[in-house]
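Data block below; observations after.
The values are calculated or read from the model by the stated rules, or taken from the named source; none is laboratory data. Here the structure is a predicted model, which means the values were calculated and not measured. When we count neighbours, we look across all protein chains shown, and the Cβ atoms used for this are built from the backbone with ideal geometry, even at glycine. Just the protein is used for accessible areas: all its heavy atoms, side chains included, with ligands, DNA and RNA removed. Shrake-Rupley method; radii C 1.70, N 1.55, O 1.52, S 1.80 Å.
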Amino acid sequence: MSFDRWDIFGLLAIPLFIVFGQSFGLAFLVFLLLALRWGKRILKHWPNWGKLYFLLFSLGFASWLGFSFWLVNGVYQPLNEDFQAEYILVLGAGVRADGSPKNQLRYRLDKALELAQLYPQAKLILSGGQGADEPLSEAQAMQNYLVQGGLDKTRIHQEEQSTSTQENLDFSTQKFPQLKTAPTILLSSDYHVKRARFLAQKKGFQNIREQAAPTPFLWLLNQLPREYLAFLKDFLFSL
């Protein structure tokens, strides 16, 4: 069984889509198409191995579909009326070259403004460092947006070193250890908030509730393959 030019183009396209386009959805689609092409060839040359290949392929694809449904199902549940948040921990995301939040982060911040009105006593912890292509830290960009949206600056605290979800939680609790015990809302995107809560619980957060910011459907499809792999990695290797 030999590779043809489409196999080579596909294998080259996958990392290009991920690295330069941040398009995990397209990379995943290319991978599925390549996997089907290879499966047909295996089935033709080695029927028994081909049947096993398609069985494993079907199980893997079904697990991704099931995981994707679970990941976003039920994430928009309202908080109980008796829950009085003392902190709202907002996880960072990308910042544009002009310092404004990218859409993914903007949706989180709009939700943060909504929650800040519902819980006027709560302090906001903004967690996010500065990426190589970002002109300022995500935490600072978040603060700028929230203050422009009318939030009192005295309610805001920043954590500016983190570059991943695990670091968001680790560095935030190092700087604000009360987060592990105080009533805290964990705010992120709908596709991300269950993994963030899973990690928070493993790291000792005792009194958290998650709240989700919405994601446009096409961007959600783009993020689900990435989140599947990230959740699997965190489940197996997170401390």
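A few remarks follow.
- Among residues of segment 111-134 that are within 16 Å of V147 (Cα to Cα) and open to solvent by 10 Å² or more (accessible area, probe 1.4 Å), those with a beta-carbon under 9 Å from a residue that is assigned to a strand (DSSP E or B) and among the small types (G, A, S) at least six positions away or on a different chain give the pairs K111/A212; K111/A213.
- One residue alone among G150, G131 is on the phi > 0 side of the Ramachandran plot and not in a helix (DSSP H, G or I), and that residue is G150.
- On inspection, Y145 qualifies as part of a helix (DSSP H, G or I), open to solvent by 40 Å² or more (accessible area, probe 1.4 Å), closer than 15 Å to L105 by Cβ and not aliphatic (A, V, I, L, M).
Every residue, every condition in (1) at pLDDT below 90; (2) under 13 Å from the mean Cα position of the chain (by Cα), yes or no:
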| site | (1), (2) |
| --- | --- |
| K175 | no, no |
| L179 | no, no |
| H192 | no, yes |
| Q201 | no, no |
| N207 | no, no |
| A212 | no, yes |
| W219 | yes, yes |
| L236 | yes, no |
| L239 | yes, no |
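- Filtered by the rule that a residue be open to solvent by 20 Å² or more (accessible area, probe 1.4 Å) and touching a residue at least 24 places away in the same chain (Cβ under 8 Å), segment 192-208 gives K194, F198, K202, K203, G204, Q206, N207.
- Every listed requirement among (1) surrounded by fewer than 17 Cβ atoms within 10 Å (Cβ to Cβ); (2) closer than 19 Å to R106 by Cβ; (3) polar (S, T, N, Q) is met by S189 save one, (1).
- Here A112 does not qualify as more than 20 Å from the chain's Cα centre (by Cα), within 21 Å of Q77 (Cβ to Cβ), assigned to a helix (DSSP H, G or I) and at pLDDT 95 or above.
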